[in-house]
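What follows draws every value from the coordinates through simple rules; no lab data is involved. Please read all numbers here as calculations on a predicted model, not as lab measurements. Here the Cβ positions follow ideal geometry from the backbone for every residue, glycine too, while neighbour counts run over all protein chains shown.
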Amino acid sequence: MENLGSVEAGKEEGKAGETVSLWLAGAVILAIIAVFALAGLVIKSLYIDQPVARTAIERDIVKYKELARENPKDISARLGLIDAYVAAKDYRMAERELGEALKQNDKAATLHERLAEIHRLKGDVNKAILEYEKASSLDPKNGLVYYRLGQIYLDRTEYRKAVVVFQKLIEINPGLADAHYYLGLATEKLGDREGARKQYLEALRYIPDYPEAKSGLARVSK
């Protein structure tokens, strides 16, 4: 009986040892699986999930985003990123970046000009006008602002406002043929044929082969 008891005890110990060995083996296998899974996630995040900048615009976004991250106060980097988003027609992101930039410097005429341009592209003309006016008050020598404003006023048939704006543009850049042409067009729309004629002639003085100015001159010369 004593020997039988020893045999039974030995069997139980053997079973216990086998159970422990199986548990350890299972734990090791699970650990190895976990390691491989973690390595797979790391590789995926490094090489698979990273977006590839395929176009020039996408590369600009990546470049300027990194520059803006490195130096958040660098307005040139922020403007580059904003322009890249506008080029990609991602106006939401462009506005977000402009909002961040304006928090740092709401007196920067260039930022208000960019915001006005985004509103114009989105078709929100009233907001565009407000931002262009802010930009012109901060930088009265910014000819592009007056050019954009003048075109908006022409589109809205607000010809008197267009005349004022294009006159300011000519004060800044007297040799800009487009400014003379659009001033002539607004003046013609107001019924001043002689005034329009003078502006069309000025446009042709700077660009002799200016088809729209030639057509305008022919209309008011009849």
Which of Leu144, Tyr210, Leu183 sits closest to the plus end of the dipole of the range 140-222, meaning its Cα is farthest towards the positive end, when Lys and Arg get +1 and Asp and Glu get -1 on the C-beta? Leu183
Under a point-charge model restricted to the Cβ atoms of Lys and Arg (+1) and Asp and Glu (-1), what is the dipole moment magnitude of the range 179-222 relative to its Cα centre, in debye to the nearest 20? 140 debye
Using the count of nearby Cβ atoms within 10 Å as a rough guide to exposure, how do Tyr181, Tyr147 rank from fewest to most? Tyr147, Tyr181
Let me know the charge dipole size of the range 140-222 about its Cα centre in debye, to the nearest 20, where only the beta-carbon of Lys, Arg (+1) and Asp, Glu (-1) is charged. 160 debye
Chain lengthening between Asn126 and Glu70 when straightened (0.36 nm per residue, less Cα-Cα): 16.6 nm
Dipole in debye (nearest 20) - the range 97-175, about Cα centre, beta carbon charges: Lys, Arg +1; Asp, Glu -1: 180 debye
Count of lysine pairs, the range 140-222, Cα-Cα under 23 Å, sep. 8 or more residues or interchain, comes to 12
Packing-based order for 200-210, 183-193, using average beta carbon neighbours within 10 Å, highest first: 183-193, 200-210
If you wrap the range 140-222's Cα atoms in a convex hull and average its projection over all directions, what's the area in nm²? 4.7 nm²
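Between Ala88 and Leu144, what length in nm is gained on full extension when 0.36 nm per residue of separation is reduced by their alpha carbon distance? Show your work: numbers first, answer last.
Details: separation 56, 0.36 × 56 = 20.16 nm, distance 2.16 nm.
Taking 0.36 nm per residue and subtracting the Cα distance, the gain is 18.0 nm.
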With a cut-off of 15 Å, note down the residues of the range 166-183 whose backbone N falls inside the zone around a label point 7 Å from the Cα of Gln151 toward its beta carbon. 166, 177-183
